[in-house]
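Chemist: Here's a structure for you.
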Amino acid sequence: MFSDDARQPLSLGLVVVAPAGRFVIEQTPVPDHHGERRGVVGEGAVGSELVGRFHLFRYEIRRWRHGVIPDIAAAVSSPVRLTEEPTRASQIVYLVPSVPDLVWGRDEGHTGEIWNSNSVVSWLLARAGLDPDRIQPPTGGRSPGWRAGVEIAHRHSAGSP
């Protein structure tokens, strides 16, 4: 999902239709303690590990069967179909719990970019064998964190920590 405001970072979410069903995959703030209702499979700190101990400074990664992206109507340049291969779609769904739980807004991966929702999406695409470079922001848009996800995914593929 892309924002049409070039001043705003783009935030991505995935809707994956796989043989096991339709899933919404995204990284979002933690709204409450009922993550099981939203298919939460991981959490991480926002800003720093120290403040990440507080609920307000945490994010969650969702693999939400039949989920929704509330602001999807505001998206531009979306949807972008990435594959028709059920195996690739299933691989993306399978990989979600293994997304690194790096601190949001920090460059813990030493890639020169911060870790954020864009990183999560590009990490999943790269790990599933899709080409994340095929997705381009809308004209004038930007997507900070995208290269961080791709680079960290390639490191994992190569066996690096």
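The values are calculated or read from the model by the stated rules, or taken from the named source; none is laboratory data. Predicted model only: the values in this text are computed from it and were never measured. Heads up, the Cβs are rebuilt from the backbone with ideal geometry, glycines too, and the neighbour counts pull from every protein chain shown.
Chemist: Quick one: which of Val93, Val51, Val121 is modelled with pLDDT under 95, farther than 20 Å from Pro144 by Cα and either aliphatic (A, V, I, L, M) or in contact with a Lys or Arg (Cβ under 9 Å, 6 or more places away or on another chain) (or both)? Talk me through it step by step, then tell me what you get.
Modeler: Details: Val93 fails: modelled with pLDDT under 95; Val121 fails: farther than 20 Å from Pro144 by Cα.
None of the other options fit; the residue is Val51.
Matching residues to (1) charged (D, E, K, R); (2) more than 18 Å from Ser119 (Cα to Cα); (3) in contact with a Ser or Thr (Cβ under 7 Å, 6 or more places away or on another chain); (4) surrounded by 12 or more Cβ atoms within 10 Å (Cβ to Cβ):
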residue: Leu14; (1), (2), (3), (4): no, no, no, yes
residue: Glu26; (1), (2), (3), (4): yes, no, yes, yes
residue: Gly47; (1), (2), (3), (4): no, no, no, yes
residue: Val51; (1), (2), (3), (4): no, yes, no, yes
residue: His66; (1), (2), (3), (4): no, yes, no, no
residue: Leu82; (1), (2), (3), (4): no, no, no, yes
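Chemist: Another question, then. Could we say that Ser90 is assigned to a helix (DSSP H, G or I), of a type in the set (Gly, Ala, Ser) and touching a strand residue (DSSP E or B) at 6+ places or on another chain (Cβ under 6 Å) here?
Modeler: It is true that Ser90 is assigned to a helix (DSSP H, G or I), of a type in the set (Gly, Ala, Ser) and touching a strand residue (DSSP E or B) at 6+ places or on another chain (Cβ under 6 Å).
Chemist: Which numbered condition in (1) buried (at least 20 other Cβ atoms within 10 Å of the Cβ); (2) at pLDDT 95 or above; (3) assigned to a loop (DSSP other than H, G, I, E, B) is the only one that Thr111 fails?
Modeler: (1)
Chemist: Could I ask something else about it? Would you point out which residue out of Ala128, Ala75 is surrounded by fewer than 21 Cβ atoms within 10 Å (Cβ to Cβ) and more than 17 Å from Gly145 (Cα to Cα)?
Modeler: Details: Ala128 fails: surrounded by fewer than 21 Cβ atoms within 10 Å (Cβ to Cβ).
Of the residues listed, the single one that is surrounded by fewer than 21 Cβ atoms within 10 Å (Cβ to Cβ) and more than 17 Å from Gly145 (Cα to Cα) is Ala75.
Chemist: Let me ask you something else. Can you name every residue in region 59-87 that is more than 15 Å from the chain's Cα centre (by Cα), modelled with pLDDT of 90 or more and either over 11 Å from Val15 (Cβ atoms) or in a helix (DSSP H, G or I) (or both)?
Modeler: Across region 59-87, the qualifying residues are Arg65, Glu85, Pro86, Thr87.
Chemist: Which residue pairs have Cβ atoms under 9 Å apart, sit 6 or more places apart or on different chains, and have a first residue in region 142-161 that is more than 22 Å from Gly13 (Cα to Cα) and a second that is modelled with pLDDT under 90?
Modeler: Final answer for the pair search is Arg155/Pro161.
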